[in-house]
1. Please state which of the following conditions ASN172 fails to meet, knowing it meets all the rest: (1) within 25 Å of LEU93 (Cβ to Cβ); (2) loosely packed, with under 15 Cβ neighbours inside 10 Å.
2. Could you check region 194-228 and list, in sequence order, the residues that are of a type in the set (D, E, K, R) and crowded, with 16+ Cβ neighbours inside 10 Å?
3. All but one of (1) farther than 30 Å from SER23 by Cβ; (2) in contact (Cβ under 8 Å) with a residue 24 or more places away in the chain; (3) under 22 Å from the mean Cα position of the chain (by Cα) hold for LEU164; which doesn't?
4. Looking only at region 68-82, count how many residues are surrounded by 19 or more Cβ atoms within 10 Å (Cβ to Cβ) and either part of a helix (DSSP H, G or I) or touching a Leu at 6+ places or on another chain (Cβ under 7 Å) (or both).
5. So ALA51 passes all but one of these: (1) in a loop (DSSP other than H, G, I, E, B); (2) farther than 15 Å from LEU144 by Cα. Which condition number does it fail?
6. Modelled with pLDDT of 95 or more, buried (at least 19 other Cβ atoms within 10 Å of the Cβ) and outside any loop (DSSP other than H, G, I, E, B): does that describe ILE167?
7. I need every pair where a residue in region 80-100 that is among the small types (Gly, Ala, Ser) has its Cβ under 6 Å from the Cβ of a residue that is in a loop (DSSP other than H, G, I, E, B), sequence separation at least 6 or different chains.
8. Do we have ASP62 as more than 14 Å from PHE131 (Cβ to Cβ), touching a strand residue (DSSP E or B) at 6+ places or on another chain (Cβ under 7 Å) and among the charged types (D, E, K, R) here?
Amino acid sequence: MAKKASKTTAPAPKPKQKLSSVSEFTQLKKRKPFSVFLVIDDRNTRETLAAALRGLQIDVHDYMTAMEFYRDYRNPVPGLLLTEVHLRGMSGLELQEKLAADKNDLMIALIAGHAEAPTAVKAMQAGVIDFLPKPIQVDSLVDLVGRAYAMYYDVDWDFVGEDLDEIERNMNRITGRERQILDQVVQGLSSREIGLKLDISVKTVEAHRAHINDKMRAYNLAHLVRMVMAYQEDSAD
């Protein structure tokens, strides 16, 4: 399913395309079956996001609780589940565990507020493909669905994947102290936890994290973690 990003020999990375560009996912006649399952307890948010995706002719099923989804999802189909970290009743993380126990290969992404971001990062280490910060932007959601589609069908990888050569160049710009902090971030530690572990102030941790984001050219925390995980996977081979 998911294809690992690969290194190239090109002297410079190509500009990254946007989802408005032509790809298999954006061409309705070429798009393969792919459903999106939204498990969001806030009705207005859920309906707004569902309407936006349906406007792009994406098959959408929305639920208020994880249990409603779990009871309804009987026949696995290609798709993406987007659920919140915290829900009434069964949490998004508990739902992820149930699907994993069922050996279900439905792709999963999380919605996380600022305080929930470290938890979402840990979930990425356990197989979640990404997370969206609150409040959710429709463009970010569409980008996520496009990436999930490409990962599932192993298509358009240059279109959505990360350039490992560029990641390596950016990693080489990071100082030793910044690398210490980056390693802790990717493990899902908060700035407070990192500060306690390294015996430095939260303010100092945040300053280092800002420098790391600039050097790595990360759009957000989820993007930073995706890049580092791709780099670590490639380095381990």
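The values are calculated or read from the model by the stated rules, or taken from the named source; none is laboratory data. Here the structure is a predicted model, which means the values were calculated and not measured. Ideal geometry is used to build each Cβ from the backbone, glycine not excepted, and the neighbour counts take in all protein chains shown.
1. Only one criterion is unmet by ASN172, namely (1).
2. Hits for region 194-228 are ARG209, LYS215, ARG226.
3. Result: LEU164 fails condition (1) only.
4. The total comes to 4.
5. Here ALA51 meets the rest and fails (1).
6. Details: modelled with pLDDT of 95 or more: no; buried (at least 19 other Cβ atoms within 10 Å of the Cβ): yes; outside any loop (DSSP other than H, G, I, E, B): yes.
No; evaluated as a whole, the condition is false for this residue.
7. Listed pairs, sorted by first residue: GLY89/THR65; GLY92/VAL85.
8. yes
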